[in-house]
Amino acid sequence: MLKKAIFTLFFLSQFVTSQNDFGIEFPGYERDQICKDYNFMILQKPKEVRFSIKRDKGVIYFETNDKNWFAGLFRGDKDGMAIDLVDMDRYDCATSHPESSQIRGQLLKPVFSKKLKNTLKKTQQGNFRTLIGRIPTDLLNKELEFNILFLKDNNLCLYYVIYDLESYPWDLLDMGMYLDSLTYSNRPVSQKDEGFILRKKKLKFKVPFEKNKSVYSQEDIKPIYDSLRLTDYNIRTIDIKAYSSVEGSLKRNIELQEARAGSISDALQSFQEPTIETRISSAENWVEFLNDIKGTPYEYLNDFSKQAIKEQLTGELVQKLEPILQGHRLALLELDLERKDKYVSMNPEQLIGSFNSEIKNENIEEAIIIQNSLFERIRDKVVSPDILKKMEVPRQKMFVKIFNKNSAFRFMNDIRQGLIVLNELQQLDKLAPGDPEINYNIVAVMIKLWRYKAIPIEEDRLLKQIQVLKTFGIDDSLIERMTVNFQIVQAENAMRARDYSKKDQAVDFIQRRYGRFPLSDFDYLSLAQFFSYYGNIEMSVKLLEEKAKTIDIDEDLLFYYINLTLTDTQLTQTPDYRTIMLNAFNLNNARYCRLFNTFGSGGVTFQLLEDPYLRNSFCENCQGEN
């Protein structure tokens with residue numbers, strides 16, 4: 001499940017509405033001096049201190065979990081707060097864009113220090129709340145958001161808008177563990193479960209479509225099927241995202257793409273008996289269209305609405321653009337494959353018996369196949385991991401792979417086994433010195449345990465162990481990935497020790513080196529969040545900005561990028577950002593449009609629509625969607 005993170009936006013403007021401002025002073029250049037200490041208390045509050053606005057029918061409260069912080073914030077007689085009631089009707093797409101103003105809605109009368117403290121009461125949840133206003137009768141049934149004006153000596157110091165953004169789990173880059181081969185966690189961005197895949201694997205590829213063709217036969221699909229070498233695998237699920245080029249009727253384009261996707265699924269199903277679960281989505285390929293017309297004589301179309309572009313794409317112009325458009329008719333296929341298990345009919349006890357028999361006969365290859373079948377039963381929670389204790393394997397060098405796999409599997413299945421597994425692997429290294437897979441697994445476990453402070457580490461010695469893996473034939477890209485993880489842990493430790501120079505050195509190293517090895521979507525997310533916390537948001541944006549414009553990006557990763565950038569008004573007005581918004585809409589139109597819902601009702605805030613470029617995107621794509 002996704003978590004929620006609360007982000008806030010502070011801003012001040014020189015525009016003030018003509019409504020009653022209750023005598024509040026709106027200082028200009030002298031604001032920094034007047035508000036210096038006051039702003040510091042708000043902006044530098046401890047992360048443990050939380051506050052929010054609560055609505056109880058028509059009554060508005062300010063609520064915090066820290067009474068002392070609250071008391072320190074309002075010391076002078078004219079220190080206080082006022083609430084700006086912002087109505088979603090301000091952003092109605094049927095009206096012109098609202099004029100910029102300091103006060104966006106209806107300002108309520110300020111409440112100052114004495115009254116704030118006198119009405120402060122403890123809630124049943126242990127927080128503290130104080131009354132700061134009542135909603136006028138004519139606004140009670142409106143969709144409202146509540147912005148806070150923080151006042152110092154009756155001067156407006158901060159105008160505060162709350163943003164509700166999704167956050168995601170993250171971790172070190174996935175180093176994997178050697179079982180039969182290197183096995184990764186294969187985690188989607190939004191899933192906490194650190195599961196991994198043994199008998200399954202994912203494959204992704206593109207299928208181009210010919211213009212106006214909607215039916216695919218076995219003959220069309222067989223080359224794809226053969227190239228996947230599916231003799232030992234069945235397809236469990238297919239996720240098909242079908243894209244049409246942008247010219248023509250939207251309804252016709254969607255119908256055509258769904259027919260194409262369905263025919264691909266049907267053709268693949270014909271090659272196997274087990275039913276394939278299929279998920280199909282379809283969209284017009286605006287993302288690649290807007291990317292591909294950049295730098296061409298047709299770049300001017302970027303300034304048009306989608307409907308206006310469609311009106312242009314007729315006759316001679318659409319013929320000239322056909323070399324571009326033909327590359328936009330495609331389907332992205334993601335297949336989940338499951339290895340065929342010849343032991344599927346055996347129960348776990350029978351598997352153990354067969355395994356022990358194959359070991360006794362020194363038939364190691366068959367024993368490994370049975371071992372994998374047992375692993376899969378454990379992963380599916382059909383049987384307890386304790387069943388592995390029933391394996392009867394002599395402690396001999398010829399069986400090292402069996403032992404290594406058991407240890408690596410237990411660590412991937414439950415990281416709490418880390419200390420036991422590390423000891424087992426170190427003993428195996430004595431039994432089979434120089435085994436590359438054992439040595440790789442030892443270092444991978446050590447980095448994880450170091451990160452969680454489960455073992456003391458000599459940093460120079462661990463770094464040398466990582467580099468020595470090269471002498472065992474471990475690929476350079478894997479060593480680079482481990483080295484980056486080493487630096488991530490160093491940065492975390494340096495930050496805790498307030499050694500900011502060492503932390504900055506680690507961040508700089510990571511920024512220079514992450515391009516030397518391939519990244520999964522989860523790796524992108526982990527690095528982006530690392531940079532946001534330990535470096536700066538600009539590093540995260542740079543990491544993701546090109547990927548955000550690709551149609552095969554993970555949905556949650558794209559929405560994380562949007563979280564980072566939604567409030568950057570310089571970025572949101574660029575053509576590239578429009579492409580990114582359309583990409584998000586195509587991936588999940590309902591989720592995209594929900595970004596602009598009311599704060600507290602599933603949205604980030606509808607006040608994003610204060611930005612004219614975001615408002616244009618919303619009005620173009622979301623009318624009737626949310």
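The values are calculated or read from the model by the stated rules, or taken from the named source; none is laboratory data. Note that this is a predicted model, so its numbers are computed, not measured. Using ideal geometry, Cβ is built from the backbone for each residue, glycine included, and neighbour counts are taken over all protein chains shown.
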Requested in this report: Answer yes or no: is there a residue in segment 376-388 that is within 39 Å of the chain's Cα centre (by Cα) and at positive phi.
Outcome: yes
Query - Matching option when the condition is modelled with pLDDT under 95, closer than 19 Å to residue 490 by Cα and of a type in the set (A, V, I, L, M), among 457, 447, 466 - result: 457
**Report entry** Tally, over segment 559-597, of residues that are assigned to a loop (DSSP other than H, G, I, E, B) and either of a type in the set (Asp, Glu) or under 17 Å from the mean Cα position of the chain (by Cα) (or both)
**Finding:** 4
Query raised in the report: For segment 115-135, how many residues meet the condition of being on the phi < 0 side of the Ramachandran plot and part of a strand (DSSP E or B)?
Result: 8
Query raised in the report: So, in segment 1-22, of the ones that are more than 18 Å from residue 148 (Cβ to Cβ) and of a type in the set (Gly, Ala, Ser), which residue ends up modelled with the lowest pLDDT?
Result: 18
Query raised in the report: Under the condition of being free of Cβ contacts under 8 Å to residues at least 40 places away in the same chain, of a type outside the set (A, V, I, L, M, F, W, C) and more than 17 Å from residue 286 (Cβ to Cβ), which residue from segment 551-590 is surrounded by the most Cβ atoms within 10 Å (Cβ to Cβ)?
Result: 561
Requested in this report: State all residues of segment 512-528 that are part of a helix (DSSP H, G or I) and surrounded by fewer than 17 Cβ atoms within 10 Å (Cβ to Cβ); if no residue qualifies, say none.
Outcome: 512, 513, 515, 516
Query - Hits in segment 136-188 - residues which are assigned to a helix (DSSP H, G or I) and either of a type in the set (Val, Ile, Thr) or outside the structural domain of residue 116 (by TED's automatic domain parsing) (or both) - result: 137
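Here is a yes/no grid of residues against (1) among the hydrophobic types (A, V, I, L, M, F, W, C); (2) in a helix (DSSP H, G or I); (3) free of Cβ contacts under 8 Å to residues at least 40 places away in the same chain:
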{"position": "211", "(1), (2), (3)": "no, no, no"}
{"position": "235", "(1), (2), (3)": "yes, no, no"}
{"position": "243", "(1), (2), (3)": "no, no, no"}
{"position": "255", "(1), (2), (3)": "no, yes, yes"}
{"position": "268", "(1), (2), (3)": "yes, yes, no"}
{"position": "274", "(1), (2), (3)": "no, no, no"}
Query raised in the report: Can you pull out the helices (runs of 4 or more DSSP H) entirely within segment 284-335 that have at least 2 residues that are surrounded by 18 or more Cβ atoms within 10 Å (Cβ to Cβ), within 32 Å of the chain's Cα centre (by Cα) and touching a residue at least 40 places away in the same chain (Cβ under 8 Å)?
Result: 286-292
**Report entry** Exclusive hit being under 18 Å from residue 182 (Cβ atoms) and either buried (at least 17 other Cβ atoms within 10 Å of the Cβ) or without any contact (Cβ under 8 Å) to a residue 40 or more places away in the chain (or both), set 472, 531
**Finding:** 472
